[in-house]
1. All but one of (1) more than 26 Å from Gln42 (Cβ to Cβ); (2) out of contact with any Asp or Glu (no Cβ under 7 Å at 6 or more places or on another chain); (3) modelled with pLDDT of 90 or more hold for Leu205; state the number of the condition that does not hold.
2. Looking only at region 166-187, decide whether some residue is assigned to a helix (DSSP H, G or I), more than 17 Å from the chain's Cα centre (by Cα) and surrounded by fewer than 19 Cβ atoms within 10 Å (Cβ to Cβ).
3. If we scan region 97-117, do we find a residue that is outside any helix (DSSP H, G or I), touching an Asp or Glu at 6+ places or on another chain (Cβ under 6 Å), of a type in the set (Lys, Arg) and at pLDDT 90 or above?
4. Residue pairs, Cβ under 8 Å, 6 or more apart or interchain, first in region 34-52 and without any contact (Cβ under 8 Å) to a residue 60 or more places away in the chain, second surrounded by fewer than 18 Cβ atoms within 10 Å (Cβ to Cβ) and among the β-branched types (Val, Ile, Thr). List them.
5. Tally time: how many residues in region 140-163 are buried (at least 18 other Cβ atoms within 10 Å of the Cβ) and of a type in the set (Lys, Arg)?
6. Tell me, please, whether a residue that is under 16 Å from the mean Cα position of the chain (by Cα), modelled with pLDDT under 90 and either under 20 Å from Asp203 (Cβ atoms) or part of a helix (DSSP H, G or I) (or both) can be found in region 26-40.
7. Can you tell me which of (1) touching an Asp or Glu at 6+ places or on another chain (Cβ under 9 Å); (2) small (Gly, Ala, Ser); (3) at pLDDT 95 or above is the one Ala150 doesn't meet?
8. Determine if region 62-80 includes at least one residue that is β-branched (Val, Ile, Thr) and over 16 Å from the mean Cα position of the chain (by Cα).
Amino acid sequence: MPPLEAFGPSIAIALILFVMLWFALGTQRNIRKGNDLLRWLQTGLPLLGRRTTMRWLGSSAVELGIVEPAPPFREATVVVVLEPRDVSFLWAYARRRGRRDFMIVRMNLVAAPRFAIEVRDPHGWTGRAGGHDTDATDGSPWRAGWPGRALARVGPGADEPAVRHAWTRLAGVSDGVWKLTVQQLVPHLEVHVRPAPTAHSADELLAPIRDLAMKLAER
């Protein structure tokens, strides 16, 4: 029987081929998933603005910039963040901790909101990532009582019913809302949400965010 050392080069080559093959297939899978989500988003993006630019950020994220944002937006960006399917160990670790494909919607309004509020699902990927360490609400305590498992930090004078209504609407047309932030610093409004393209249209998902922005602009 040959010594185990004789199999070393073969094992190393096999591992390298496995990593390369996984990377290639994972990249193709992410590009396909990303393109599917981009096609799905096309029906909803007109709610935010007339024209959109697109750029891939590696193989796991796509950034859509709204060139001519609709009122009351000054700027609007949608980032589709995909699972890191191209790196096997990173994908397995992230998926075990609950990471899935999700979207980040960031908006700057013509006039900054007059209050700050942050809502998080502590069981969501970005709802717990980084901890509850934001100071946008001037150190207001976290409290429960929101739909599902969400916690909220509510600043002085916040329109809590409007934000609660937006969160509830988003939860009903998505696979989960992880984070919603309103603040006077940019971005004025930020939402992290898991899309549900097989169950709901993109305009159903983006409409609650647009409507909340309109409500913020009235104050």
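The values are calculated or read from the model by the stated rules, or taken from the named source; none is laboratory data. None of these values were measured; they are calculated from a predicted model. Note that each Cβ is placed from the backbone with ideal geometry, even for glycine, and that neighbours are counted across all protein chains shown.
1. (1)
2. No, region 166-187 has no match at all.
3. Yes, region 97-117 has at least one match.
4. Note: pairs meeting the criteria are Gly49/Val67; Arg50/Val67; Arg51/Val67; Thr52/Val67.
5. Summing the residues that are buried (at least 18 other Cβ atoms within 10 Å of the Cβ) and of a type in the set (Lys, Arg) in region 140-163 gives 1.
6. Within region 26-40, one or more residues are under 16 Å from the mean Cα position of the chain (by Cα), modelled with pLDDT under 90 and either under 20 Å from Asp203 (Cβ atoms) or part of a helix (DSSP H, G or I) (or both).
7. Condition (3) is where Ala150 drops out.
8. The answer is yes; a qualifying residue exists.
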